[in-house]
Amino acid sequence: MPVAVVTNTVSEKIDLLSLPGAYVIVRRMNYGEELKRSNMATKFLMSSDKNAKDVQGEIDMQTEEVAYWDFANLVVEHNLTDANDVPLNFKSRQHVAMLDGSIGREVGTIIDAFNGVKDSEEVKNS
């Protein structure tokens with residue numbers, strides 16, 4: 001029978017181009033996680049006045065929330081540290097936020113590439 005579950009779950013060490021000597025290992029999402037991530041990416045809000053014929057809608061792009069979720073849940077190993085040589089904890093939003101922008105973008109791109117994120121712009125890390 002064909003296997004329909006994620007079996008190739010973890011990448012090899014992927015060297016960062018933006019920081020020589022640095023690497024990350026990321027893992028593949030299962031379908032349930034893909035659905036959760038996609039749902040986190042956008043929120044659609046609607047409102048209307050009871051007497052009005054007009055309905056207002058708003059799409060709230062949650063790219064920051066998705067990026068924090070990705071780092072916390074999809075980076076399984078890395079060798080990145082802060083200025084005091086303390087390993088960064090990607091489950092901490094503060095640690096993710098303090099990353100150099102080019103390094104954070106590169107790690108996000110690695111996560112997206114390994115997970116095949118290409119369907120919609122709102123779920124891409126960038």
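What follows draws every value from the coordinates through simple rules; no lab data is involved. Since this is a predicted model, take the numbers as computed values, not measurements. Virtual Cβ from ideal backbone geometry, glycine too; neighbours counted across all protein chains shown.
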Separation in nanometres of the label points that stand 7 Å from Cα toward Cβ, at Tyr31 and Ser18: 3.3 nm
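Under 12 Å from the Cβ of Glu77, count the other residues' Cβ atoms, weight Lys and Arg +1, Asp and Glu -1, and hand me the total.
For residues surrounding Glu77, the net value is +1.
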